[in-house]
Amino acid sequence: MFFGEAMEEKVLKAIRYHRLFAPGAYVIVALSGGADSVALFHCLLGLRQALGITVAAAHFEHGLRGEESQQDANFVQELCKSEGIGLYIEYGHMSDKPKPGRLGTEAWARQLRYAFLESLARQHNAVVATAHTLGDNAETVLFNLIRGAGPRGLAGIPPKRDYLVRPLLGVTRAEVEAYCAAHSLAYVTDATNHDDHYSRNRLRNQVLPLLEQAHPGAQQAMARTAADMRVLDDWLATLAGQLLCQAAVEGSHPPDAEWNWQERSALGYADAGFLAPLAADDWHKNTINSFDAALLLAAPQPIRLKALALLAGRAADRAALARLEQVLRGELGAVQLPGGAVARLKKGRLLLVDESLPQPLPAYEVPFSLGEHRLPGGYFLSILVLESHKTASYSKKTAKKGLTFVADYDKISEYGVFRTRRPADRFALPGRGITKPVKKWMQEAGVAPALRDQLPLLAQGSRVLWVWGAGFCAGLEPDDDTHRLLAIHTEPHA
């Protein structure tokens, strides 16, 4: 009974110290049915009056363990029913779906589970409490250490991040089991937790016990190190935020960007999402974020690297950050960051441009004809024939702006169709005397990846006669013998 009471006191102390719940908060417990989550659920039910909170529960049934996982869901439903607590439940049916890309099963399951919890938090303006313990934190620190990590990775699991809180981070597995025994709490056991095929299970079941034997209290020691690393990383992030504010070129960031690191960091370590508009899901189309490269390079390396990490986003790994620094130094032309943003160095400025690929346009072919055309993707153009190029009402200035393009009408025997690019397409570069695959030409010309499959072109088979924004191919230029001009006038992309 002593351990149960000690755990409850420890949890209450952690909640108050880290300010995990505000009075009146709606708290949804992520309830898997295992010992940790059942103990957290029971503990918060006992503390809800003292904390002034309302408690509910959520369960995500992945559908990976067949009847066993369904039994877990049934257990959670009965537990909530017996306590008179509302339950949100979601069925993932993962066994019936193809695993996306290279994502591991564990990572996929975690992704779906947290997407469900986040949707609940947003829908109900709630806080989600997960049952991560001291051991989970030690696993995370150790796992990040052996993969190679800086202060952020060694900071482990934060007590609070965005909508998530972890009241059990200071509690050991032994304390959880003692609490469950003291209160006669039933719980389920996931058989996959003992499957050492998973790397985290090997750390939990083999490595951590050996570390405890070598140094009793190893998990608490790692937790103290993680806390120190959180303070260090928070300090670096503050300085990096100040550096980015100083280096930002005025007017280059999105109008709704949040630049106050101190205000946002009040949410907790790494929770502020500093420079969130630079993250993939918050970027504005075609918005350029520009920073003075010289100021960034002049900063001390730890602060500069943290600034680059803030720009790159949480999903960026060490390799991505190293390439981003190469771009900053002018040693690499460009790097694509997680989510589609591309970083480039231009005229002494580090530019971050949203080039996330849009949904591909459906295949289309629009036969060439005079008049006005509105092509898929919002591209508008008008086509007309002028009888004499000597009196044509166009100017080279207009042509340079990419609005009007002209060719010798009689040099084109067949016009073909308007469409988007295809693998075999080739384009004769005007003024260059060479022909290149359209794909290679677009790359070399710096056409944004997001536009390459969108731009309309006029093609005669695989021969490209005209491309939006680039004009006509070589060999169609008007000359002294031209009697009729073909003019294609484009309107800015809608």
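The values are calculated or read from the model by the stated rules, or taken from the named source; none is laboratory data. Computed from a predicted structure; not experimentally measured. Cβ coordinates were reconstructed from backbone atoms using ideal geometry, including for glycine residues, and neighbour counts include every protein chain displayed.
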## Note on the structure
Restricting the range 174-198 to residues that are at pLDDT below 75 and in a helix (DSSP H, G or I), the one surrounded by the most Cβ atoms within 10 Å (Cβ to Cβ) turns out to be Thr192
### Message
Condition first: farther than 25 Å from Arg152 by Cβ, at pLDDT below 90, part of a strand (DSSP E or B) and of a type outside the set (A, V, I, L, M). Can you find one or more residues in the range 391-405 that meet it?
### Response
yes
### Query
Based on what the data block shows, is Thr105 buried (at least 20 other Cβ atoms within 10 Å of the Cβ) and either at pLDDT below 90 or more than 24 Å from the chain's Cα centre (by Cα) (or both)?
no
#### Entry: Flag for Ala138 being farther than 30 Å from Leu321 by Cα, hydrophobic (A, V, I, L, M, F, W, C) and in contact (Cβ under 8 Å) with a residue 40 or more places away in the chain
no
### Query
Of the residues Leu117, Leu154, Leu145, Leu169, which is farther than 24 Å from His18 by Cα and at pLDDT below 95?
Leu145
### Task
Please state which one of Glu263, Glu250, Glu258 is farther than 19 Å from Leu337 by Cα, assigned to a helix (DSSP H, G or I) and at pLDDT below 90.
Glu263
### Task
Take the range 443-494 and flag every residue that is in contact with a Cys (Cβ under 8 Å, 6 or more places away or on another chain) and part of a loop (DSSP other than H, G, I, E, B).
none
### Task
Please give the number of the condition Glu444 fails out of (1) surrounded by 14 or more Cβ atoms within 10 Å (Cβ to Cβ); (2) at pLDDT 80 or above.
(1)
#### Entry: Residue count for the range 24-62, restricted to those that are modelled with pLDDT under 90 and surrounded by fewer than 18 Cβ atoms within 10 Å (Cβ to Cβ)
0
### Candidates Ala316, Ala307, Ala312 - the one that is within 23 Å of Ala149 (Cβ to Cβ), surrounded by 13 or more Cβ atoms within 10 Å (Cβ to Cβ) and modelled with pLDDT of 90 or more
Ala307
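Condition check ((1) surrounded by fewer than 18 Cβ atoms within 10 Å (Cβ to Cβ); (2) at pLDDT below 85; (3) not small (Gly, Ala, Ser)) across all residues:
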| residue | (1), (2), (3) |
| --- | --- |
| Arg419 | no, no, yes |
| Pro430 | yes, yes, yes |
| Lys440 | yes, no, yes |
| Leu457 | no, no, yes |
| Phe472 | no, no, yes |
| Ile488 | no, no, yes |
| Ala494 | yes, yes, no |
### Query
For residues in the range 326-361 being of a type in the set (D, E, K, R) and modelled with pLDDT of 85 or more, which is farthest from Arg314 (Cα to Cα)?
Lys347
### Residues that are in contact (Cβ under 8 Å) with a residue 40 or more places away in the chain, out of contact with any strand residue (DSSP E or B) (no Cβ under 7 Å at 6 or more places or on another chain) and over 20 Å from Lys10 (Cβ atoms), drawn from the range 118-135
Glu118, Arg122
### Task
Consider Leu361 carefully, then state whether it is among the aliphatic types (A, V, I, L, M), in contact with a Pro (Cβ under 7 Å, 6 or more places away or on another chain) and surrounded by 13 or more Cβ atoms within 10 Å (Cβ to Cβ).
yes
### Count - residues of the range 113-133 that are under 29 Å from Met222 (Cα atoms), in a helix (DSSP H, G or I) and either not assigned by TED's automatic domain parsing to the domain that holds Leu87 or not aliphatic (A, V, I, L, M) (or both)
3
